[in-house]
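Below is one structure, written out as structure tokens, with a few remarks after it.
We did not get these values from a lab; they are worked out from the coordinates using the rules stated. The structure presented is a predicted model; accordingly, all values stated were derived computationally and were not measured. Here the Cβ positions follow ideal geometry from the backbone for every residue, glycine too, while neighbour counts run over all protein chains shown.
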Amino acid sequence: MKELSTLIPHIVYDLKYASKNNFTGKALYPKNTHKTYLRAPAAYALALVQEELSKQHLGIKVFDAYRPYSVTVSFWELIKDERYVAHPAKASGHNRGLAIDCTLIDLRTGKELDMGTSFDNFTDTAHQTFTNLPPAILANRKLFRDVMTKYGFRIFDTEWWHYFWVNDREYEALDIPVRNLRMR
């Protein structure tokens, strides 16, 4: 696992599950969680994404990356809808350290680009294929999708913010608490 800020200097973290500011209303990671991780292939690809985006004064804000399996179980108990959370029997790309929830920011202002919904919005409006949005929002989503897929990530159809590494099912699901991961 690679801690993302060690590879991507301009990356911004807004780790939603380390606070109550998420769909569960509970902090699911320790409150002092200030780092997040991906397995090396996905982390290095994300660094290339950032390198390309920085030419346009854009950056990446991360809401979640590696997620312990036990947190996925908690999500399932609340939602039980595979369009939005992984079934525990299948685990998640997040549990494998190969999925990331993120958005684009303007590096000059730090503000998020408008993607039409907030993170963890479980409506059709958040779907990748939803097109009843203003042209500027559709352009932001397309830019995001194009650069992420260019470097090997795949889209998750029901969440504009969720991308996963191409061969994520070849890796085991992990249940290592976030606080026990070491920076590498």
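Taking θ = phi - 60°, what integer Hz values does the Karplus form 6.51 cos²θ - 1.76 cosθ + 1.60 yield along segment 133-147, in sequence order, with x for Gly and Pro?
The phi angles translate into 9, x, x, 5, 5, 4, 5, 4, 5, 5, 4, 4, 4, 4, 6 Hz.
How high is the relative contact order of the chain? Use alpha-carbon pairs under 8 Å, at least six apart in sequence, and give a whole percent.
Contact order relative to length: 25 percent.
Taking the Cα centre of the chain as origin, work out the dipole magnitude from +1 charges on Lys and Arg Cβ and -1 charges on Asp and Glu Cβ, in debye rounded to 20.
Approximately 480 debye in magnitude.
Calculate the radius of gyration of the Cα atoms of segment 2-180 to one decimal place, then report Dmax, the largest Cα-Cα distance, as a whole number, both in Å.
Calculated on Cα positions, Rg and Dmax stand at 15.2, 43 Å.
Starting from the Cα of Ala136, step 7 Å along the direction of its Cβ; do the same at Ser70; then give the gap between the two resulting points in nm.
Simple spin-label model gives 4.4 nm for this pair.
Around Ala42, under 10 Å between beta carbons, what's the net of Lys plus Arg minus Asp minus Glu among the other residues?
+2
Need the full-extension length gain, Lys150 to Glu51, defined as separation in residues times 0.36 nm minus the C-alpha distance. One decimal, nm.
Result: 34.4 nm gained on full extension.
Which of Arg96, Arg108, Arg67 moves most in a GNM of the chain, Cα contacts under 10 Å?
Arg108
Can you list, largest first and rounded to whole Å, the semi-axes you get for segment 2-108 by taking the square root of 5 times each eigenvalue of its Cα gyration tensor?
Square roots of five times the eigenvalues give 25, 15, 12 Å.
Subtract the Cα-Cα distance of Glu172 and Lys31 from 0.36 nm times their separation in residues, and report this length gain in nm to one decimal.
Separation in residues times 0.36 nm, less the Cα-Cα distance, equals 48.1 nm.
Quote to one decimal, in nm, the extra length available between Gln128 and Asp106 on full extension: 0.36 nm per residue of separation minus the C-alpha distance between them.
5.8 nm
Compute the separation of the alpha-carbon centres of segment 107-152 and segment 2-68 and state it in Å as a whole number.
Answer, in whole Å: 17.
Under a crude label model (7 Å from the Cα following the beta-carbon direction), how far is Glu82 from Asn180 in nanometres?
Here the answer is 2.9 nm between the modelled labels.
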